[in-house]
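Reading through the structure tokens given below for one structure.
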Amino acid sequence: MTINIREATPADARLIALIMAEAIQEGIMQRAETSDLTQKDVKKITLLETVVLREDTLYSWRNTYIAETENGRPAGGVIAYPGNGYNKARAITFSLLHEILTFNLETMDAETVSGEYYLDSLAVLPSFRGNGIARELIQIVCQKAQQNGMPIALACEPENIIAKTIYEEMGFQASHTIYIFGHNYIKMIRH
């Protein structure tokens, strides 16, 4: 299977919203593929699309790469950005998403810092999983970080052994624990 990776456009807002929603609530992409979205899912996706369409949020279309088949069928994507300006973009993003964020923002650590490139969210549609697309998306982000002379960082759920193994195979090393979105994550960095 040939997969092409390109920079996102505003027309990709729904897919990017699904990528974000999958990071928040596993399984929403499966329901989207099978047309089993609930009203709550649709409301969440619509809200997320408004965030994606802005240029000043963490999850802006400008911070996203899309994977698609050679005939243009979307397969997944990755949201990543430089840590410079993170706090301002985070404040804007989270204020727009206050309806669906169910954790205490005051206790949340910063996901990234100035001087590093941050891989925020990555998801592949269920029908395309197992084809190496996630690795290709990660590699694109690593190249972007390298072009900018920055190490790349990400947060990995400690229980997600498969993801952690993939990250380690791609040169990421565990750095420290961060508390984000109500849970502890392992911050991993690739220099």
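Summary table
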quantity	calculated
Filtered residues of segment 55-84 (kept if open to solvent by less than 20 Å² (accessible area, probe 1.4 Å) and acidic (Asp, Glu))	none
Some residue of segment 12-33 being open to solvent by 60 Å² or more (accessible area, probe 1.4 Å), touching a residue at least 12 places away in the same chain (Cβ under 8 Å) and of a type in the set (Gly, Ala, Ser)	yes
Answer residue from segment 86-100, given it is touching a residue at least 40 places away in the same chain (Cβ under 8 Å) and more than 15 Å from the chain's Cα centre (by Cα) and is least open to solvent (accessible area, probe 1.4 Å) among those	97
Segment 1-11 - residue that is in a loop (DSSP other than H, G, I, E, B) and surrounded by fewer than 16 Cβ atoms within 10 Å (Cβ to Cβ) and, of those, nearest to the chain's Cα centre (by Cα)	9
Check on residue 177, over 12 Å from residue 117 (Cβ atoms), out of contact with any Gly (no Cβ under 6 Å at 6 or more places or on another chain), open to solvent by 80 Å² or more (accessible area, probe 1.4 Å) and among the hydroxyl-bearing types (Ser, Thr, Tyr)	yes
Segment 143-174: number of residues that are hydroxyl-bearing (Ser, Thr, Tyr) and loosely packed, with under 14 Cβ neighbours inside 10 Å	1
Test: residue in segment 146-162 that is closer than 17 Å to residue 79 by Cβ and in a helix (DSSP H, G or I)	no
Filter result for residue 178 (in contact (Cβ under 8 Å) with a residue 60 or more places away in the chain, in a strand (DSSP E or B) and out of contact with any His (no Cβ under 9 Å at 6 or more places or on another chain))	yes
Candidate set: segment 102-120, residues that are out of contact with any strand residue (DSSP E or B) (no Cβ under 6 Å at 6 or more places or on another chain) and not in a helix (DSSP H, G or I); chosen: the one most open to solvent (accessible area, probe 1.4 Å)	102
Any hit, segment 121-130, residues being of a type outside the set (A, V, I, L, M), under 23 Å from residue 46 (Cα atoms) and in a loop (DSSP other than H, G, I, E, B)	no
Count of segment 136-165 residues which are free of Cβ contacts under 8 Å to residues at least 40 places away in the same chain and either over 16 Å from the mean Cα position of the chain (by Cα) or at positive phi (or both)	9
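The values are calculated or read from the model by the stated rules, or taken from the named source; none is laboratory data. Bear in mind that the values here come from a model prediction, so they are computed numbers and not experimental data. Neighbour counts are summed over all protein chains in view; Cβ atoms, including those assigned to glycine, are modelled from backbone coordinates with ideal geometry. The area values use the complete protein model at the heavy-atom level, side chains included, leaving out ligands, DNA and RNA. Shrake-Rupley method; radii C 1.70, N 1.55, O 1.52, S 1.80 Å.
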